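Inspection log for the structure reproduced underneath, given as structure tokens.
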């Protein structure tokens, strides 16, 4: 059974990962990726356009399905070996999150809705995943090689 997740990273980092067909969480830590399995749905939220910036970007920036296979590490040089998972990213438009706050289970009625995002990754409901994919113009898509979520 598929699970659904939101990961947090700057938009520039998300774009780099989606162009490369991978995801990376919490500065490359392995533990968060162990919770995520092949066939799970993933959405990225980007609080900023650039890493470390305080530009108020606050948008949903990528959506896709986790591919088969385990997490792996990559040598990026200078001793940095982040862990990654392969993802089939959909063609979707980056979408501000604020218009969706009242429609999402994890934000509705929450004055401090951004608190959960501080942890870098958390599970969301299938309903929220579908609401987000629809807002991003990716509703109903299933990338090649990925299993669709089971009907409910």
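Where a number appears in this text, it was derived from the coordinates with a stated rule and is not lab data. Please read all numbers here as calculations on a predicted model, not as lab measurements. Don't worry about glycine lacking a Cβ; one is built from the backbone with ideal geometry, like all the others, and counts go over all protein chains shown.
With each label modelled as a point 7 angstrom along the Cα→C-beta vector, the residue 67-residue 127 pair spans 3.4 nm. Projecting label points 7 angstrom from Cα along Cα→Cβ for residue 103 and residue 16 puts them 3.1 nm apart.
Report, in deg cm²/dmol and to the nearest 500, the calculated mean residue ellipticity at 222 nm for the chain, where each DSSP H run with n ≥ 4 adds -39500 (n - 2.57) and the sum is divided by the residue count. Walk me through the numbers before you get to the answer.
Details: 3 runs with 25 residues, N = 152.
Calculated mean residue ellipticity at 222 nm is -4500 deg cm²/dmol.
Between 72, 129, 115, which gets the highest mean-square fluctuation from a Gaussian network model of the chain, Cα cutoff 10 Å? Taking springs between Cα atoms under 10 Å, the residue moving most is 115.
The order of the peptides 104-111, 16-23, 46-53 by mean Cβ neighbours within 10 Å, most packed first, is 16-23, 46-53, 104-111.
With 10 angstrom as the radius, rank 84, 98 by how many other C-beta atoms surround their C-beta, starting from the fewest.
On the way: 84 19, 98 12.
Fewest-to-most Cβ neighbours within 10 Å comes out as 98, 84.
As a proxy for reagent exposure, 13, 83 were ordered by neighbouring Cβ count within 10 angstrom, fewest first; the result is 13, 83. The residues 127, 3, 54, when put in order of fewest to most other Cβ atoms within 10 Å, stand as 54, 127, 3.
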